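Coordinate-derived values only; no laboratory data. What you see is a predicted model; the values in this text were computed from it and never measured. Heads up, the Cβs are rebuilt from the backbone with ideal geometry, glycines too, and the neighbour counts pull from every protein chain shown.
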Amino acid sequence: MKKKLNIKEYLNALAEPNRLAILGFLKDGEKCACEIHPNLKLPQNLSSHHLKVLKDLGLLKSRREGNKILYSRNEEVIKNYQSLLTKTII
């Protein structure tokens, strides 16, 4: 079952600069979690927390490859949130 889009949760998630940085870092494609935290200069546990928040909102997808977890942006969900935001404001 699809989770209903919640604009408040979306905006709260994006209000955190590290989460915006993660989404920006993943704009060029899929990256391993091991690449994300050093790039953002965050401890591993803090980057994991931010990744979980973004994933729980559906903004990120993940897949396991061996012992690595690879993350990518869920462009469909991002577009749906953008559309909802536009409809809410206008």
Seminar exercise, completed: Which residues qualify? For ILE69, with a placed amide H closer than 5 Å and at least 5 residues away or on another chain, they are ALA33, CYS34
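Using the Cα centre of the chain as the reference point, and only Cβ charges (+1 on K/R, -1 on D/E), how large is the resulting charge dipole? Debye, rounded to the nearest 20.
Computed about the Cα centre, the dipole is about 260 debye.
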Exercise. For LYS31, which lysines qualify as cross-link partners when the Cα separation must be under 20 Å and same-chain residues fewer than eight apart are set aside?
Worked result: LYS41, LYS52, LYS55, LYS61, LYS68
For this session: Find how many whole Å separate the alpha carbon centroid of region 56-71 from the alpha carbon centroid of region 12-35.
Result: 12 Å
Problem set entry | Computed Kirkwood radius, in angstrom, where 1/r is averaged over Cα pairs of the chain | 13.5 Å
For this session: Measure nothing but the geometry: give the 0 to 90° angle between the long axis through the Cα atoms of 75-89 and the longest principal axis through the Cα atoms of the chain, rounded to 10°.
Result: 30 degrees
Exercise. If R0 is 22 Å, what FRET efficiency do you get for LYS87 and GLU16 from their C-beta distance, rounded to 0.05?
Worked result: 0.40
Exercise. Can you work out ³J(HN,Hα) from phi for every residue in region 38-48, in order, using Karplus 6.51 cos²θ - 1.76 cosθ + 1.60 and θ = phi - 60°, giving whole Hz and x for Gly and Pro?
Worked result: x, 4, 8, 6, 10, x, 4, 5, 6, 5, 4
